[in-house]
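Chemist: So that we are looking at the same thing, I have put the structure below in structure tokens.
The values are calculated or read from the model by the stated rules, or taken from the named source; none is laboratory data. Note that the structure is predicted; figures quoted are calculated from it, not measured. Because the Cβ atoms are built from the backbone with ideal geometry, glycine has one as well, and the counts that use them run over all protein chains shown. We work out accessible area using only protein heavy atoms, side chains counted, and drop any ligands, DNA or RNA first. Shrake-Rupley method; radii C 1.70, N 1.55, O 1.52, S 1.80 Å.
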Amino acid sequence: MLTYKANLDELIRMALREDVGDGDHSTLACIPANAQGKAKMVAKKPGVLCGAEVGRRVFELVDERLHVELLKKDGDCLEKGDVVMLVEGPSASILTAERTALNFMQRLSGIATETHRMVSMLEGLNTRLLDTRKTTPNMRLLEKYAVKCGGGTNHRIGLYDMVMLKDNHIDFAGGIAAAIDRTHEYLKSKGKDLKIEIEVRNLDELQQVLDHGGVDRIMLDNFDTTTLREAVRRIDHRYETEASGGITDATLRSYAETGVDFISVGALTHHIKSLDLSLLAE
């Protein structure tokens, strides 16, 4: 995540511009410019921390005079009452940075916490939990980083790093064989070496893919567990397998027990309750 520091700084600056506007007038109205203060960030509920370095960077960009000490690191399991970080410096700057830092850290920690919970449900099985592209615009790299902090696995990052032939691609291309063949022609013409995943909606479409070949992974979309088990049996490890579509924590393990390699869950990043963190003045 920190590889993208320049992009991260711009994202934080955008968030601060959105929040601060022409000034934090609540703070400016009642806090002396020379006032110094301390604050601590505390976990109000158990969870998995993510975004600690992002929070630190928010404070630094608001005021380089602020000193931030991280007491926990990303991926750490938190208990209620754990102190995550300490901030010291100009009181007005602490107050101005507070909400933006919390907004980033609470959401990312919520994703990491939910991912960790669902990954723990797969204990003892070989199936890995995947995220999707159902992410908050401009927050994708951070949200996918949060999935990794929670023990999950990233699917493709965007449209550019993997080919995924979904139902609409196949229908517009004129069928499964045409979609696969055109993809290979395109990749060859562009000199690109990208993995190819294809979505199938039933066992008939699966058989077409098996008869034709030319892919790396098969996504089995909206299969029930009985049909999924049969699909995994037919594929017989010739291709990676992925189950997708409406899989929840109530059905996650039963889907994994079919022997499928991956299960993708869009809710990891688009249906998340933020972890409750609070910044308290000392």
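Chemist: Select from region 89-105 the residues that are on the phi < 0 side of the Ramachandran plot, in contact with a strand residue (DSSP E or B) (Cβ under 7 Å, 6 or more places away or on another chain) and not β-branched (Val, Ile, Thr) and list them in ascending order.
Modeler: Selection gives Pro90, Ser91, Glu98, Leu102, Met105.
Chemist: A further question on this structure: Filter region 252-282 down to the residues that are of a type in the set (Val, Ile, Thr) and within 30 Å of Glu98 (Cβ to Cβ) and list them by number.
Modeler: Listed by number, the residues that qualify are Thr269, Ile272.
Chemist: Hey, among the residues in region 136-173 that are among the basic types (Lys, Arg) and within 16 Å of the chain's Cα centre (by Cα), which one's most open to solvent (accessible area, probe 1.4 Å)?
Modeler: Residue satisfying both the conditions and the ranking: Lys148.
Chemist: Given region 202-282, what helices (runs of 4 or more DSSP H) lie entirely inside it while holding 3 or more residues that are within 30 Å of Ala39 (Cβ to Cβ) and open to solvent by 60 Å² or more (accessible area, probe 1.4 Å)?
Modeler: On the way: elements: 203-212, 225-235, 252-256, 267-270.
Answer list for region 202-282: none.
Chemist: How many residues does region 197-221 hold that are within 25 Å of the chain's Cα centre (by Cα) and more than 11 Å from Asp167 (Cβ to Cβ)? Even if it seems obvious, please write down each step before you answer.
Modeler: Of all residues in region 197-221, those within 25 Å of the chain's Cα centre (by Cα) come to 197-200, 216-221.
The next check asks that each one be more than 11 Å from Asp167 (Cβ to Cβ); those that pass are 197, 216-218, 220.
So the answer is 5.
Yes or no, residue by residue, for (1) touching a residue at least 40 places away in the same chain (Cβ under 8 Å); (2) of a type outside the set (Gly, Ala, Ser); (3) under 27 Å from Gly150 (Cα atoms); (4) touching a Phe, Trp or Tyr at 6+ places or on another chain (Cβ under 7 Å):
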{"position": "Ala15", "(1), (2), (3), (4)": "yes, no, yes, no"}
{"position": "Gly21", "(1), (2), (3), (4)": "no, no, no, no"}
{"position": "Gly37", "(1), (2), (3), (4)": "yes, no, no, no"}
{"position": "Val42", "(1), (2), (3), (4)": "yes, yes, yes, no"}
{"position": "Gly47", "(1), (2), (3), (4)": "yes, no, yes, no"}
{"position": "Asp63", "(1), (2), (3), (4)": "no, yes, no, no"}
{"position": "Leu66", "(1), (2), (3), (4)": "no, yes, no, yes"}
{"position": "Asp74", "(1), (2), (3), (4)": "yes, yes, yes, no"}
{"position": "Cys77", "(1), (2), (3), (4)": "no, yes, yes, no"}
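Chemist: A follow-up question, please. Out of everything in region 106-132 that is out of contact with any strand residue (DSSP E or B) (no Cβ under 9 Å at 6 or more places or on another chain) and free of Cβ contacts under 8 Å to residues at least 60 places away in the same chain, what residue ends up being least open to solvent (accessible area, probe 1.4 Å)?
Modeler: Leu108
To keep it simple, each residue is scored yes or no on (1) open to solvent by 60 Å² or more (accessible area, probe 1.4 Å); (2) more than 17 Å from Leu142 (Cα to Cα).
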site: Leu8; (1), (2): no, no
site: Ile12; (1), (2): no, no
site: Gly23; (1), (2): no, yes
site: Gly47; (1), (2): no, yes
site: Arg56; (1), (2): yes, no
site: Val68; (1), (2): no, yes
site: Asp74; (1), (2): no, no
site: Gly89; (1), (2): no, yes
site: Phe104; (1), (2): no, no
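Chemist: For region 164-174, name all the residues that are over 18 Å from Asp204 (Cβ atoms) and in a strand (DSSP E or B).
Modeler: Within region 164-174, Met164 is the sole residue that qualifies.
Chemist: Scan region 176-192 and give yes if some residue there is without any contact (Cβ under 8 Å) to a residue 40 or more places away in the chain, among the polar types (S, T, N, Q), touching a strand residue (DSSP E or B) at 6+ places or on another chain (Cβ under 9 Å) and outside any helix (DSSP H, G or I), otherwise no.
Modeler: no
Chemist: While we're on this one: For region 180-196, what are the residues that are within 28 Å of the chain's Cα centre (by Cα) and among the polar types (S, T, N, Q)?
Modeler: Of everything in region 180-196, just one residue is within 28 Å of the chain's Cα centre (by Cα) and among the polar types (S, T, N, Q), namely Thr183.
Chemist: Would you confirm whether or not region 161-179 contains a residue that is over 30 Å from Leu142 (Cα atoms), small (Gly, Ala, Ser) and in contact with a Lys or Arg (Cβ under 7 Å, 6 or more places away or on another chain)?
Modeler: Within region 161-179 (the criterion being over 30 Å from Leu142 (Cα atoms), small (Gly, Ala, Ser) and in contact with a Lys or Arg (Cβ under 7 Å, 6 or more places away or on another chain)), the answer is yes, since at least one residue qualifies.
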